[in-house]
Amino acid sequence: MQYFDHNATYPLSAAARGAWLDAAERFPANPSSPHRWGARSDQALTEARERVATWLGCPAHSVVWTSGATEANNAWVAHLARKTRGAVLISGLEHPSVRIPAAQWLADRCENLPVSREGVVSPDQVGERLRRGDVGAVVLMAANNETGVIQPWQQVLELCREAGVPFACDASQWVGKLPASGLGSCDFVSACAHKFGGPVGVGFLKVPESFQPLLWGGPQEEGRRAGTENVAGILAMVAALEERQRLFQADLDALTSRHSIRDRWMEQLEAAIPGAEVLGRGVPRLWNTVSVLMPPAADCRRRWVVRLDRLGFAVSTGSACSSGKEVPSPVLASMGYPAQASDRMVRVSAGWETTPEAWDDLLKAFLQVATEFGLR
């Protein structure tokens, strides 16, 4: 099976696996225990925290370990609900772990940020809204999980700084694919290990001094997140992230090369299959992601993802239609696409290890399915 669904979960890297096994043996104790074994576990967490903080560019004490980005996002949304007043600007591009808690805890305080047809929030529109006042916070992801479109989070962060408004950024799809430097300047940053080769069930959250925790019940994480820390998982996550960071530092051309491979693939796909439309074309996107609206097929039960799976390729789709109902993607809806488009969306997301030959094989599979559907 050729795996092209890294945006959903990145397979566990060898570095992460080795770090987990090593940590499970060397640091079996609870980091809160008063004995020497507990102190060793606590020290390992301290060193890991310092490494993550260095990559983000923030103080180490502002990094909190979590069970993943869903918990982290819920935590900062709950904090904003308790600690801020005024409108919270948020777009339909955000992951459900942001949008749904925001609807629950912020209710009518949520104010929609417009999105372009390419799937980008406009800094000018954010700035204009901030100048009108009564904004309690701004929420904007770093890169979209469905389309791979990169958001102008740096510009929006600067606008929030000028206005004295907190800025929260879900960086789950950014971290491990692009350098983490600068993210630490955001008030809140969330990420999870399984998006870049670490284990499932662990992540981190960068928080401000005023952070009020979501989970209560123990003094862990300096009172900012109750619950015994997953030492082995955290060290495995840091090992995976360190491996990615080394790629950025050692070979900046690696990103350019992968962008070229992605662009060549999507150009060949559009040329070979009439009516195929790449989402977010013409704007910056993650090097590993291509999302395409495929031409309509006769029966949605014959989804592209199912046919490609039978040919040995794991990809993702915008929405399931096995029930016979069209479930629109909030991301596509924000970009102005009709509900019917969701079922035709196919997302391809590669990994650092994905070869040009694998991309070529995937293209051949797409063309075979297109032929089966009578589209070429």
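Of the residues examined, G233 is not one that is surrounded by fewer than 21 Cβ atoms within 10 Å (Cβ to Cβ), out of contact with any Asp or Glu (no Cβ under 7 Å at 6 or more places or on another chain) and either assigned by TED's automatic domain parsing to the domain that holds A180 or among the hydrophobic types (A, V, I, L, M, F, W, C) (or both). For the stretch 256-307, the tally of residues that are at pLDDT below 90, under 25 Å from the mean Cα position of the chain (by Cα) and either of a type in the set (S, T, Y) or part of a loop (DSSP other than H, G, I, E, B) (or both) stands at 3.
Here N145 passes the criteria (1) surrounded by fewer than 21 Cβ atoms within 10 Å (Cβ to Cβ); (2) within 18 Å of the chain's Cα centre (by Cα); (3) modelled with pLDDT of 95 or more except the one numbered (1). Residues of the stretch 22-37 that are buried (at least 16 other Cβ atoms within 10 Å of the Cβ) and in a helix (DSSP H, G or I): A23 alone. Filtered by the rule that a residue be touching a Pro at 6+ places or on another chain (Cβ under 6 Å) and in a helix (DSSP H, G or I), the stretch 173-210 gives a lone residue, A193.
Exactly one residue out of T54, T84 is in contact (Cβ under 8 Å) with a residue 12 or more places away in the chain, surrounded by fewer than 17 Cβ atoms within 10 Å (Cβ to Cβ), farther than 30 Å from V290 by Cβ and over 19 Å from the mean Cα position of the chain (by Cα): that is T84. How many residues does the stretch 107-121 contain that are within 17 Å of D170 (Cα to Cα) and without any contact (Cβ under 8 Å) to a residue 40 or more places away in the chain? Result for the stretch 107-121: 4.
Does V135 fit the bill of being more than 21 Å from the chain's Cα centre (by Cα), crowded, with 20+ Cβ neighbours inside 10 Å and under 23 Å from E162 (Cβ atoms)?
Judged against the criteria, V135 is a match.
Going by the structure shown, is A19 of a type in the set (G, A, S) and either crowded, with 23+ Cβ neighbours inside 10 Å or not assigned by TED's automatic domain parsing to the domain that holds G227 (or both)? So A19 fits the description; yes. Of all residues in the stretch 86-94, one or more are in contact with a Ser or Thr (Cβ under 8 Å, 6 or more places away or on another chain) and either of a type outside the set (A, V, I, L, M) or on the phi > 0 side of the Ramachandran plot (or both). Here G282 clears all of (1) in contact with an Asp or Glu (Cβ under 9 Å, 6 or more places away or on another chain); (2) surrounded by 14 or more Cβ atoms within 10 Å (Cβ to Cβ) except the condition numbered (2).
In the stretch 4-16, the qualifying residues are those that are surrounded by fewer than 18 Cβ atoms within 10 Å (Cβ to Cβ) and not polar (S, T, N, Q), and the one that is farthest from A240 (Cα to Cα) is A8.
Does the stretch 354-372 contain any residue that is farther than 30 Å from E94 by Cβ and part of a loop (DSSP other than H, G, I, E, B)? Yes. Filter the stretch 186-224 for residues that are in contact with a helix residue (DSSP H, G or I) (Cβ under 8 Å, 6 or more places away or on another chain), among the aromatic types (F, W, Y) and surrounded by fewer than 24 Cβ atoms within 10 Å (Cβ to Cβ) and give the result. Across the stretch 186-224, the qualifying residue is only F211.
Just so you know, in the stretch 333-349 the residues that are in contact with a strand residue (DSSP E or B) (Cβ under 7 Å, 6 or more places away or on another chain) and modelled with pLDDT of 90 or more include one that is surrounded by the most Cβ atoms within 10 Å (Cβ to Cβ), and it is V348.
The values are calculated or read from the model by the stated rules, or taken from the named source; none is laboratory data. Small disclaimer: the values here were computed from a predicted structure and weren't measured. We place every Cβ from the backbone using ideal geometry, glycine too, and count neighbours over all the protein chains shown.
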